[in-house]
Amino acid sequence: DTAVSQTPKYLVTQMGNDKSIKCEQNLGHDTMYWYKQDSKKFLKIMFSYNNKELIINETVPNRFSPKSPDKAHLNLHINSLELGDSAVYFCASSPPGQINYGYTFGSGTRLTVV
Amino acid sequence: GIQVEQSPPDLILQEGANSTLRCNFSDSVNNLQWFHQNPWGQLINLFYIPSGTKQNGRLSATTVATERYSLLYISSSQTTDSGVYFCAVPTSGTYKYIFGTGTRLKVLA
């Protein structure tokens, strides 16, 4: 069973479109995250939710909006996509208090905006 | 904010060689993680090591929090060790992990 699953794995779309990426974890973790990895492999946090509550909201365009319907799911919606949004987006989760095990990442969603 | 630097940025090894990757951070931390991103892009958690030494097979990690660095040792490297190795530390008092710039490792057969 996949611990942190993201869909879709690949997403190719035109500028100006709106798209969503879904993430689900079956680890019973309380905290979930979205990270963006650029073409130089640099990983930067975007958002984090703890038990459906937004706890980290980095300086990202407001075209990006996370939603957490329950603690096992964290989705990312992107409006009016731009060329610069092309990247790999990773979802991750961690157990309460970050003790012992740290992050578990999903397999990533490669977004290409054309 | 906290700065995280990794060295070397790139490393090429012959299969069977040993290597040490370093992670320096600019502020006190109470947690640290090492990750391996394989050539297919998957990020795998290798170690959660706020202090001390841990070993897992051919890999081991040591964190000296008081001196603000961590080391990842790879012994008897294999081609499957190729990829990018990241360390990550949290901003004080938060869940927000800052990632280093990574070490790109290529192991040649």
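The values are calculated or read from the model by the stated rules, or taken from the named source; none is laboratory data. All of these numbers come straight from a predicted model, not from anything done at the bench. Neighbour counts are summed over all protein chains in view; Cβ atoms, including those assigned to glycine, are modelled from backbone coordinates with ideal geometry.
Within the range A:85-114, can you find the residues that are at pLDDT below 95, over 21 Å from A:SER68 (Cβ atoms) and of a type outside the set (Val, Ile, Thr)? Across the range A:85-114, the qualifying residue is only A:ASN100. Looking at the range A:58-74, which of the residues that are outside any strand (DSSP E or B) and of a type in the set (S, T, N, Q) is nearest to B:LEU43 (Cα to Cα)? If we take residues in the range A:58-74 being outside any strand (DSSP E or B) and of a type in the set (S, T, N, Q), then A:THR59 is nearest to B:LEU43 (Cα to Cα). Total residues in the range B:76-109 satisfying the condition of being exposed (fewer than 14 other Cβ atoms within 10 Å of the Cβ) and either among the acidic types (Asp, Glu) or part of a loop (DSSP other than H, G, I, E, B) (or both): the figure is 6.
Filtering the range B:1-37 to residues that are under 24 Å from B:ALA109 (Cα atoms) and among the acidic types (Asp, Glu) leaves B:ASP10, B:GLU15.
Residues in the range A:19-57 that are among the charged types (D, E, K, R), part of a strand (DSSP E or B), over 23 Å from A:THR2 (Cα atoms) and without any contact (Cβ under 8 Å) to a residue 60 or more places away in the chain: A:LYS44, A:GLU53. Of the residues A:HIS77, A:HIS73, the single one that is under 17 Å from A:PHE105 (Cα atoms), surrounded by fewer than 18 Cβ atoms within 10 Å (Cβ to Cβ) and modelled with pLDDT of 90 or more is A:HIS73. Scanning the range A:58-70 for residues that are in contact (Cβ under 8 Å) with a residue 12 or more places away in the chain and surrounded by 13 or more Cβ atoms within 10 Å (Cβ to Cβ), which turns out farthest from the other protein chains (Cβ to nearest Cβ)? Once the filter is applied, the top-ranked residue is A:ARG63. Looking for something within 21 Å of B:PHE86 (Cα to Cα) and not hydroxyl-bearing (Ser, Thr, Tyr) - is there at least one such residue anywhere in the range A:80-88? Looking for residues that are within 21 Å of B:PHE86 (Cα to Cα) and not hydroxyl-bearing (Ser, Thr, Tyr), one finds at least one in the range A:80-88, hence yes. Is there a residue being in contact with a Ser or Thr (Cβ under 8 Å, 6 or more places away or on another chain), part of a strand (DSSP E or B) and surrounded by fewer than 21 Cβ atoms within 10 Å (Cβ to Cβ) anywhere in the range A:101-109? Yes; the residues of the range A:101-109 include at least one that is in contact with a Ser or Thr (Cβ under 8 Å, 6 or more places away or on another chain), part of a strand (DSSP E or B) and surrounded by fewer than 21 Cβ atoms within 10 Å (Cβ to Cβ). Taking into account only those residues within the range B:34-61 that are in a loop (DSSP other than H, G, I, E, B), of a type outside the set (A, V, I, L, M) and over 18 Å from A:TRP34 (Cα atoms), which is modelled with the lowest pLDDT? Among those that are in a loop (DSSP other than H, G, I, E, B), of a type outside the set (A, V, I, L, M) and over 18 Å from A:TRP34 (Cα atoms), it is B:PRO50. Inspection of the range B:22-33 identifies at least one residue that is assigned to a strand (DSSP E or B), touching a residue at least 60 places away in the same chain (Cβ under 8 Å), facing chain A (nearest Cβ under 10 Å) and under 22 Å from A:SER94 (Cα atoms). Of everything in the range A:80-100 that is loosely packed, with under 14 Cβ neighbours inside 10 Å and polar (S, T, N, Q), the residue that is nearest to the other protein chains (Cβ to nearest Cβ) is A:ASN100.
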